[in-house]
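The values are calculated or read from the model by the stated rules, or taken from the named source; none is laboratory data. Small disclaimer: the values here were computed from a predicted structure and weren't measured. Here Cβ is always computed from backbone atoms with ideal geometry, including for glycine, and neighbour counts include all displayed protein chains.
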């Protein structure tokens, strides 16, 4: 089950290689629950979005292979963890 309810049952609407990419995207979501991860067939790439600690904006990553995206996610999370925490406005 995900934030949108249970996964649909029955046949997956994708066929061939694209179904594999959707399964890989689902696996990445399981491994990295803080991230929104999708497969985009038209550009042929995986994309990941997250608001990392200390970041002013969402982090967006893209890669043609699931393993490459997973490595980018790991590096982004390590960089965020190493970033000094910022104080809110008006803090002294």
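A few points about this structure:
- Given (1) surrounded by 13 or more Cβ atoms within 10 Å (Cβ to Cβ); (2) part of a helix (DSSP H, G or I); (3) at pLDDT 95 or above, number of the condition residue 37 does not satisfy: (2)
- Of all residues in segment 64-73 being within 11 Å of the chain's Cα centre (by Cα) and closer than 13 Å to residue 25 by Cβ, the one that is surrounded by the most Cβ atoms within 10 Å (Cβ to Cβ): 69
- Any hit, segment 74-84, residues being part of a loop (DSSP other than H, G, I, E, B), loosely packed, with under 13 Cβ neighbours inside 10 Å, modelled with pLDDT under 95 and out of contact with any helix residue (DSSP H, G or I) (no Cβ under 6 Å at 6 or more places or on another chain): yes
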